[in-house]
1. Report the residue count in the range 234-248 for those that are touching a helix residue (DSSP H, G or I) at 6+ places or on another chain (Cβ under 8 Å) and loosely packed, with under 14 Cβ neighbours inside 10 Å.
2. Within the range 181-205, can you find the residues that are touching a helix residue (DSSP H, G or I) at 6+ places or on another chain (Cβ under 8 Å) and either more than 23 Å from residue 254 (Cα to Cα) or not in a helix (DSSP H, G or I) (or both)?
3. Go through the range 96-118 and count every residue that is in a helix (DSSP H, G or I) and touching a strand residue (DSSP E or B) at 6+ places or on another chain (Cβ under 9 Å).
4. Would it be correct to say that residue 124 is in contact (Cβ under 8 Å) with a residue 24 or more places away in the chain, part of a loop (DSSP other than H, G, I, E, B) and over 24 Å from residue 7 (Cβ atoms)?
5. From the list 75, 49, which one is surrounded by fewer than 22 Cβ atoms within 10 Å (Cβ to Cβ) and modelled with pLDDT under 80?
6. Got a sec? Which of 95, 104 is surrounded by 13 or more Cβ atoms within 10 Å (Cβ to Cβ), touching a helix residue (DSSP H, G or I) at 6+ places or on another chain (Cβ under 7 Å) and without any contact (Cβ under 8 Å) to a residue 40 or more places away in the chain?
7. Only one of 251, 208 is touching a residue at least 60 places away in the same chain (Cβ under 8 Å), surrounded by 15 or more Cβ atoms within 10 Å (Cβ to Cβ) and in contact with a strand residue (DSSP E or B) (Cβ under 6 Å, 6 or more places away or on another chain). Can you tell me which?
8. For the range 256-266, how many residues are under 16 Å from the mean Cα position of the chain (by Cα) and surrounded by fewer than 21 Cβ atoms within 10 Å (Cβ to Cβ)?
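The values are calculated or read from the model by the stated rules, or taken from the named source; none is laboratory data. Nothing here was measured: the structure is a model prediction, and the numbers come from that model. Here the Cβ positions follow ideal geometry from the backbone for every residue, glycine too, while neighbour counts run over all protein chains shown.
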């Protein structure tokens, strides 16, 4: 997955270049010391998030880790997939959530955790669940959670600078209010741009994790069926349950908030109306050209996950990887 690491590293360079440009502009007006104060605070927040992040996820997702001989089949699948991926077996957790989904998190490979919700265990068959677990284990193998954490600090820094300048004027003497407001606006623009880049990074890591599960021996059509089922089931979840996990939706296999809009598109792939996407239907999709409306392309730019139709179309390109 060197392409993913290259893209993530390139994004990291671009984002830090943007913030370096911000230093040059802001330093001439508010003083470099003031900037460093907010940079240090933001980096401290990132470190704090890095250290306690797993605990926050555990609390928000109501995770209970498997012990002893619980969920033996699930333990077996995770162990087999982690061996194939060449990583330590992660801790396995069950999230007490009605939303059918799965996610992975952790500070490092040795601290990896793979979790599934109660909802997904009741929804998917064994092969589909294995494909989903392979996707999540690939996230751990690629270390993309750590990349996203590092990338996310850049918009945080710029947001704090823009907030300080626009609302408090940077603490400068009179006569500079206009310049300070201008720099605050520029900082906010940089924040918006860098946040879009972080969202882009979040989307591309999903594509690489999809490909990763295929390399681990799972069929593209199996993951496509799992995604289809997740979308359909997520669309029926009540809004209060969705709000409960809104802040952590980037961890999920798919964005349950987009499920209602995705159902109609995906149902067109399921030609025989079986509730699954078989290899023949996936092959038919591979030969088609999909055209997204402008509103759909715009919405994708502002989300943490790829457009689902595009995502499954990309999965169709991987069928030759599995014999």
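1. Residues meeting the conditions: 2.
2. Answer for the range 181-205, where residues must be touching a helix residue (DSSP H, G or I) at 6+ places or on another chain (Cβ under 8 Å) and either more than 23 Å from residue 254 (Cα to Cα) or not in a helix (DSSP H, G or I) (or both): 181, 183, 184, 185, 186, 187, 188, 190, 191, 193.
3. Qualifying residue count for the region: 2.
4. Yes: the conditions hold for residue 124.
5. 49
6. 95
7. The match here is 251.
8. Count: 2.
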